[in-house]
Amino acid sequence: MLVNNDNSVAPMTQSKPLLSESLTGEQISELDAKHVWHPYSSFNSPLLPFPVESTEGVRIRLKDGRELIDGMASWWSAVHGYGHPVLKQAAHDQIETMSHVMFGGLTHEPAVTLCEKLVKLSPDGLNKVFICDSGSVSVEVAMKMAFQYALSQGNRERNKLLTVRSGYHGDTFATMATCDPVNGMHHMFENILPKHIFAEAPPCKFEEAFSESHIQDLKDKLVQHQQEVAAIILEPIVQGAGGMRFYSPDYLKRVRELCDEYDVLLIADEIATGFGRTGKMFACEHAGITPDILCVGKALTGGFMSLAATLCTDKVAKGICEGEAGVFMHGPTFMANPLACSVANASLDLLMSGEWQQQVANIESGLKIGLGPAKALSQVEDVRVLGAIGVIELHEPVDMPTVQPQFVQEGVWVRPFGRLVYVLPPFVIENEDLAHLTKAMVSVVSRL
Ligand SMILES: *Cc1c(COP(=O)(O)O)cnc(C)c1O
């Protein structure tokens, strides 16, 4: 019962239930349509989202009782599947001791062990860790590190970033300004966004032989703008939301060399690629390089909750701290949330047991076999697989209102964008489920 301000008791109304556990699927949908923003959603022509009852393993169970095989790992994050007992236990244990405490002037075991693990797992030389709340923030932190480093070195004019087209680095304003200028949001926010420098997207595919001409444009831009550029920022090996493109490790190797040659920092955004997704713990390992600054997020807690981190080398840390400010100028309220750090520790422990390597290799061959038949379809421009990432690129963008229910009808959760129908399943997916998933993709695509 509701108590009004005047202490009278309001009658319970059937139309306004307050406890979500008492809501039916229809009631959830109704409230959702009334009040709730979803990613890139409209209230004027809403695409009704499917109400979810629960998740477990690689299954998403809808309110209407249907079960879907998850192909998205909730946007690259749920690598161990949903509700993994080890992650649940870590959360339960931590919540009993301390769910959150401020990180200014205080520290705790979950944070320091997490930072130690990240240093151990990441490419050699990254020794300092800034823990933050989400991927976009970790990229903002990386950018601020690069700019503050330039300032502390007396390079005030180094106030730009150099990046490649088809990239994606987040939805906040600073990160948006480095996303692909065409499929990103540059046009709409042209007058607000800072102008950075864009080279062409890495033109050589993952297996393709690299030649120096492939990096000429980036090199030219670097030479031309050397005095203005604080850092090159890119996603190593796999460009995610900007186009799901896989490029040559030799290209990345050359980027590292050019950064050294022209004394510019390298920021590797591994928010999507980190923690095994491409077949290596970090995609930088394909090229055997260490960036100066590394962003991680998404799978950091195994998809359990939001957490991200920005790592940097001692050189960058020292450079920042010997500058005018004397400190790194950033500090989110929920920095290093102990609950999230504990779950991240548990997730990294699971990864460190090493099982993911066989799982990802297995998914890679399953995706190659399962998606292969799509190559012959006239709707399809390209089919590509790397690690636990499978992509069908179409000639035309998909019509989401038509296609989304078809996937659900097929018993799978696949969420395409634009011309890309892609999957990044949890590493724990079984062969049979993977075969179901790829078959559904080929089947839906063939009907387009
Ligand atoms: C998802 C993503 C981000 C942004 O992370 P959020 O947690 O959504 O803010 C940044 N960079 C890359 C490469 C990503 O895939």
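Using the average count of surrounding beta-carbon atoms within 10 Å as a protection proxy, the listed peptides 131-139, 98-106, 319-327 rank, highest first, as 131-139, 319-327, 98-106. Computed about the Cα centre, the dipole magnitude for the chain is approximately 240 debye when only Lys and Arg (+1) and Asp and Glu (-1) carry charge, each at its Cβ.
Two decimals is fine: what's Rg over Rh for region 132-264, C-alpha atoms, Kirkwood radius as Rh? Result: Rg/Rh = 0.95. From most to least packed by mean Cβ count within 10 Å, the peptides 221-229, 48-56, 33-41 give 221-229, 48-56, 33-41. Cα centroids of region 44-112 and region 124-140: 21 Å apart.
Quickly rank 421-429, 88-96 as a protection proxy: mean count of other C-beta atoms within 10 Å, highest first. Present the calculation step by step, with values, prior to reporting the outcome.
Working: 421-429: 26.3, 88-96: 14.9.
The most tightly packed comes first, giving 421-429, 88-96.
Computed over the alpha-carbon atoms, region 228-361 gives an Rg to Rh ratio of 0.99, Rh here being the Kirkwood radius from the mean inverse distance.
Just want to confirm a number: the relative contact order over the chain, from Cα pairs under 8 angstrom separated by 6+ residues, in percent. The value is 21 percent.
Post the alpha-carbon centroid distance, region 234-283 to region 358-420, in whole angstrom. Using only Cα atoms to place each centre, the spacing works out to 23 Å. When Rg and Dmax are taken over the Cα atoms of region 87-353, they come to 18.1, 58 Å.
Our note on the geometry: Cα centres of region 284-348 and region 174-232, 24 Å apart. Note: the chain, Cα convex hull, 177 Å³ per residue. In terms of overall dimensions, the C-alpha atoms belonging to region 20-90 reach 41, 28, 23 Å along their principal axes, ordered largest to smallest. The Rg/Rh ratio of region 323-448, with both radii computed over alpha carbons and Rh defined as the Kirkwood radius, is 1.15.
The value obtained for region 370-432, namely the Cα convex hull volume divided by the number of residues, is 94 Å³ per residue.
Compute, for region 87-353, the length of the dipole vector about the Cα centre, with Cβ point charges of +1 (Lys, Arg) and -1 (Asp, Glu) only. Units Debye, rounded to 20. Could the numbers behind the result be given before it?
Working: 22 positive and 32 negative charges, 35 e Å.
So the dipole magnitude of region 87-353 works out to roughly 160 debye.
Cross-link pairs exceeding 31 Å in C-alpha to C-alpha distance, out of LYS221/LYS315; LYS128/LYS368; LYS160/LYS205; LYS221/LYS375; LYS280/LYS375, comprise LYS128/LYS368; LYS221/LYS375. If you look at the Cα atoms of region 297-353, you get an Rg and a Dmax of 14.4, 44 Å.
For region 86-177, the fraction of C-alpha pairs farther apart than 16 angstrom is 71 percent.
Using +1 at the Cβ of each Lys and Arg and -1 at the Cβ of each Asp and Glu in the chain, identify which of LEU218, VAL343, GLY274 lies farthest towards the dipole's positive end. After comparing all options, I get LEU218.
Each value in this text was obtained by applying a stated rule to the coordinates, not by laboratory testing. Every value quoted in this text rests on a predicted model; they were computed, and no experiment measured them. Note: ideal-geometry Cβ built from the backbone for every residue, glycine included; neighbour counts use all protein chains shown.
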